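A.B. asks: Let me begin by handing over the structure; questions about it come next.
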Amino acid sequence: MSETVSPERRPRRRRFEQAHLWSSTVTGLVALGLSLYSFAALRRSPEIDVSLPHVLRISQEKDVWVILQPTMSSRLNTEDVEVVTDVRLALRPSGTTGVSPTPRFYWENNVSWKYDEQTGGLKHNPVSDPAPLVVSQSMPQQPVIHFIAAEWKFRPGRYEGTVTLSRASSRAPITKRFCLNITEEDLGQFRSGGQFRQFEFRNDVPPAASRQGDCYAGWA
C-alpha cells in the first residue's frame, strides 16, 4: 500500500526536494569551479621567487670579480616550468656623476667552493658555463655565479646594485636591488689579496659607523 501524504505535508516536502536539488546543483558548480581553477593553475607558468644571499665575495686587481649565489624557487605546483635565460649584475656609484665609470659585468661561469689549505680561505672552481636555468617547485636553483667587470676598479663610496633575471616566458624580468659600501680599508684588502682572493661582504652584520643601513659591507 502506497503512503498517503496529507495536503499539509505536500508543500513542506516540495520545499525540501527543491532545497535538496539546489544544494546538489550548488555543490556541483563549486566542484566544477575548483576543478577549472586547479586545471588553470597547473597550466600557468610558475611565479619565481628570487632571494639574494647574505654574502657577496669580491676581489679586485686588474678586473673586479663578484661572486654571489641567488636562490630561485617557485611556491606553485604547476605542470609548466620557468626558464631563466640570463642573469645580469649592475653596479652604479651612488651620488657621483662622472667620478667613477659604471662597470659592465658579464656572467663568466658558475663555480663551486673548495677549502684552500695554503690560505685558510675558500677557492672557487668552475663547474659550468653560463646557461639557462630551469625553475619549478620541485627544481629550485642556487647557482654560484661568477661575474667579471674587465679593467675596472672600485673607489671608496656607496654603490647601488641590481641583479636582473630574464625569463623565457612573456613575463617581465625580475630585478632585485641592493647596496654595497666600499671603504679605503677594503681597497687595501684587495691590493694585498690580489685577483684570486675573494673577500666577504655581508648585509646581515650589525652596522658599524662606516656602514649604511643593510648594505653589503666588508670586515675591514
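A.B. asks: Any idea which residue in the range 145-162 is least open to solvent (accessible area, probe 1.4 Å), counting only those that are assigned to a loop (DSSP other than H, G, I, E, B) and farther than 15 Å from PHE201 by Cβ? I'd like the intermediate steps shown before the answer.
C.D. replies: Restricting attention to the range 145-162, the residues satisfying the condition of being assigned to a loop (DSSP other than H, G, I, E, B) are 150-156.
Narrowing further to those that are farther than 15 Å from PHE201 by Cβ: 150-153, 155.
On the way: ALA150: 61, GLU151: 143, TRP152: 17, LYS153: 105, ARG155: 109 Å².
Only one residue fits best here, namely TRP152.
A.B. asks: Separate question: Return the residues of the range 131-170 that are aliphatic (A, V, I, L, M), farther than 11 Å from VAL81 by Cβ and at pLDDT below 95; say none if nothing qualifies. Spell out the reasoning first.
C.D. replies: Here is the first cut: in the range 131-170, the residues aliphatic (A, V, I, L, M) are 131, 133-135, 139, 144-145, 148-150, 163, 165, 168.
Add one more test, that the residue is farther than 11 Å from VAL81 by Cβ, and what stays is 131, 144-145, 148-150, 163, 165.
If the condition is that a residue be aliphatic (A, V, I, L, M), farther than 11 Å from VAL81 by Cβ and at pLDDT below 95, then no residue fits.
A.B. asks: Same structure, new question: Any chance you could count how many residues in the range 163-186 are loosely packed, with under 15 Cβ neighbours inside 10 Å, within 22 Å of the chain's Cα centre (by Cα) and outside any loop (DSSP other than H, G, I, E, B)?
C.D. replies: 3
So that you can scan it fast, the table gives a plain yes or no per residue for (1) open to solvent by 10 Å² or more (accessible area, probe 1.4 Å); (2) modelled with pLDDT under 90; (3) out of contact with any Asp or Glu (no Cβ under 6 Å at 6 or more places or on another chain):
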| position | (1), (2), (3) |
| --- | --- |
| ILE58 | no, no, yes |
| VAL66 | no, no, yes |
| ARG75 | yes, yes, yes |
| THR78 | yes, yes, yes |
| VAL87 | no, no, yes |
| THR96 | yes, yes, yes |
| SER100 | yes, yes, yes |
| TYR106 | yes, no, yes |
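A.B. asks: Applying the selection to the range 114-144, what residues are open to solvent by less than 80 Å² (accessible area, probe 1.4 Å) and assigned to a strand (DSSP E or B)? Walk me through how you get there before you give the answer.
C.D. replies: Kept after step one, since they are open to solvent by less than 80 Å² (accessible area, probe 1.4 Å), are these residues of the range 114-144: 116, 120-122, 124-125, 128, 130-131, 133-136, 140-141, 143-144.
Matches in the range 114-144: LEU122, HIS124, ASN125, SER128, LEU133, VAL134, VAL135, SER136, GLN141.
A.B. asks: Next question. Just need a number here: residues in the range 187-201 that are open to solvent by less than 80 Å² (accessible area, probe 1.4 Å), of a type outside the set (Asp, Glu) and touching a Phe, Trp or Tyr at 6+ places or on another chain (Cβ under 9 Å).
C.D. replies: Within the range 187-201, the first condition is being open to solvent by less than 80 Å² (accessible area, probe 1.4 Å), and the residues that meet it are 187-190, 193-195, 198-201.
Filter once more, keeping what is of a type outside the set (Asp, Glu): 187-190, 193-195, 198-199, 201.
Among the residues that remain, those that are also touching a Phe, Trp or Tyr at 6+ places or on another chain (Cβ under 9 Å) are: 187, 189-190, 193, 195, 198-199, 201.
Final tally of qualifying residues: 8.
A.B. asks: Just to be sure, is ASN110 farther than 19 Å from PHE190 by Cβ, in contact (Cβ under 8 Å) with a residue 24 or more places away in the chain, open to solvent by 60 Å² or more (accessible area, probe 1.4 Å) and of a type outside the set (Asp, Glu)? Even if it seems obvious, please write down each step before you answer.
C.D. replies: Values: farther than 19 Å from PHE190 by Cβ: yes; in contact (Cβ under 8 Å) with a residue 24 or more places away in the chain: yes; open to solvent by 60 Å² or more (accessible area, probe 1.4 Å): no; of a type outside the set (Asp, Glu): yes.
No; evaluated as a whole, the condition is false for this residue.
The values are calculated or read from the model by the stated rules, or taken from the named source; none is laboratory data. It should be emphasised that the depicted structure is a prediction, and the values quoted were computed from it without experimental measurement. Please note: Cβ atoms are built from the backbone with ideal geometry, for glycine as well, and neighbour counts cover all protein chains shown. When the accessible area is computed, the model is the full protein with side chains, heavy atoms only, and any ligands, DNA or RNA have been set aside. Shrake-Rupley method; radii C 1.70, N 1.55, O 1.52, S 1.80 Å.
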